[in-house]
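First the structure, in the form of structure tokens, and then the observations on it.
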Amino acid sequence: MPILPSIEALPADRPLAVTVGVFDGLHRGHLDVLRTAAEAARERDAASTVITFEPHPAAVLRGAAPCLLTDPAERLERIAAAGIDLVVLQRFDLAFSKQSAEAFVERIAAGRDLRALVMSPESAFGKDRAGTIDAMRRLAGERSFDVIECAERDSGGSRISSGRIRSLVGEGRLATAARLLGRRYAVVGTVVRGDQRGRTLGYPTANFAFDEPVCLPPDGIYAVRIGWGGGSVLVPTYRADGVASLGVRPTFGVGARVLEVHLFDFDGDLYGRRMRVEFVRRQRGERRFAGVDELVRQMDLDCIRARAILAAAPRVLPRNRTPDRLPRS
């Protein structure tokens, strides 16, 4: 899937079916929009096209972006997997934010055959978010393209949104977040050198650093699945199960908040590797122990329990439902 640096780079020799959005999270509602765009493109013999933004518009307009739900590389892979032909990673700055919705559409259509614009009822773009679906329908009548509405996906009577999923992850309601995402929640980070204390305890760990703020669940111990290598986030060369500790490690004095993962049945150098950590289930909260011996005994139990959880958990969630082995939260 080609990734283009700006709207101006869109091809002039192919008709286009376009959808626009940040698509952070790539949750089930987002996937509905992408699949609708792909279907609209097939019906019109056009290239299905996503226009998304870098950086997040909130970082420009409000001075701070929300924490990431999806690693940027994973987001692009999931967009491609939904059947999209082209992606525009449009730079978002103050000048871009000030253009009208009409000017934005004209920019897309200039010298091109725009055949369809796919939107949800909540979609809006352009200055003051004036480019609503009703406004685009009026413009479409003048410019001869179709506006296709993709109904919003809801769950439990509430609209699926990235903000809702961020709240669920922050509250530790990972099974509910998984239902809305259509997959278990995961983060992608780079393994960095820590204090290597885990190795002295018989539990070497990979410590993670993140390029941008990511959404993390509450501190505690988690059964996790890890993937890395091969140039693909979704289809890694290597996979492992493990147990993750997220928190400030109070037994050794409160420090910085750290995500560290012990990989089962693995002994190798992972420094500098980018790895995806999928949170399968929270086992317990973070605790302060009286000493190293007590901590190691608990780590033994944590690993036994994590292995049992992971052995029972399916690797892929069935579409649109949570498997019985993943308790609701």
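The values are calculated or read from the model by the stated rules, or taken from the named source; none is laboratory data. Computed from a prediction, not measured in an experiment: that's the story for all the values here. When we count neighbours, we look across all protein chains shown, and the Cβ atoms used for this are built from the backbone with ideal geometry, even at glycine.
From the list 75, 138, exactly one residue is in contact (Cβ under 8 Å) with a residue 12 or more places away in the chain and not hydroxyl-bearing (Ser, Thr, Tyr). Which is it?
None of the others qualify; the one that does is 75.
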Taking segment 138-157 only, how many residues are at pLDDT below 95, out of contact with any Lys or Arg (no Cβ under 7 Å at 6 or more places or on another chain) and not in a loop (DSSP other than H, G, I, E, B)? 8
Checking the condition in contact with a Leu (Cβ under 8 Å, 6 or more places away or on another chain) and either at pLDDT 95 or above or over 18 Å from residue 173 (Cα atoms) (or both), which residue from 308, 313, 244, 290 passes? 244
Inspect segment 111-122 for any residue being aliphatic (A, V, I, L, M) and in contact with a Leu (Cβ under 6 Å, 6 or more places away or on another chain) and give the result as yes or no. yes
What do you reckon, is residue 69 of a type in the set (A, V, I, L, M, F, W, C), touching a Gly at 6+ places or on another chain (Cβ under 8 Å) and closer than 23 Å to residue 274 by Cα? yes
From the options 124, 130, residue that is in the same structural domain as residue 61 (by TED's automatic domain parsing) and either out of contact with any Gly (no Cβ under 9 Å at 6 or more places or on another chain) or among the charged types (D, E, K, R) (or both): 130
Failed criterion for residue 6 (all others in (1) polar (S, T, N, Q); (2) over 26 Å from residue 163 (Cα atoms); (3) buried (at least 18 other Cβ atoms within 10 Å of the Cβ) hold): (3)
What are the residues in segment 177-204 that are out of contact with any Asp or Glu (no Cβ under 6 Å at 6 or more places or on another chain), at pLDDT 90 or above, closer than 25 Å to residue 248 by Cβ and crowded, with 16+ Cβ neighbours inside 10 Å, if any? 177, 185, 187, 189, 190, 191
Can residue 174 be described as surrounded by 13 or more Cβ atoms within 10 Å (Cβ to Cβ) and touching a Pro at 6+ places or on another chain (Cβ under 8 Å)? yes
Please tell me if residue 72 is within 18 Å of the chain's Cα centre (by Cα) and over 30 Å from residue 228 (Cβ atoms). no
Residues in segment 184-196: is at least one outside the structural domain of residue 36 (by TED's automatic domain parsing) and in a helix (DSSP H, G or I)? no
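Residue-by-condition table, conditions (1) among the aliphatic types (A, V, I, L, M); (2) crowded, with 17+ Cβ neighbours inside 10 Å; (3) farther than 23 Å from residue 181 by Cα; (4) out of contact with any strand residue (DSSP E or B) (no Cβ under 6 Å at 6 or more places or on another chain):
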| residue | (1), (2), (3), (4) |
| --- | --- |
| 51 | yes, yes, no, no |
| 56 | no, yes, no, yes |
| 62 | no, no, yes, yes |
| 75 | no, yes, no, yes |
| 85 | no, yes, no, no |
Lone unmet requirement of (1) under 23 Å from residue 36 (Cβ atoms); (2) touching a residue at least 60 places away in the same chain (Cβ under 8 Å) for residue 206: (1)
Apart from one, (1) crowded, with 22+ Cβ neighbours inside 10 Å; (2) more than 21 Å from residue 145 (Cβ to Cβ); (3) hydrophobic (A, V, I, L, M, F, W, C) all hold for residue 95; the odd one out is (1)
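Residue by residue, here is whether (1) outside the structural domain of residue 56 (by TED's automatic domain parsing); (2) among the acidic types (Asp, Glu) holds:
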position: 103; (1), (2): no, no
position: 138; (1), (2): no, no
position: 146; (1), (2): no, yes
position: 162; (1), (2): yes, no
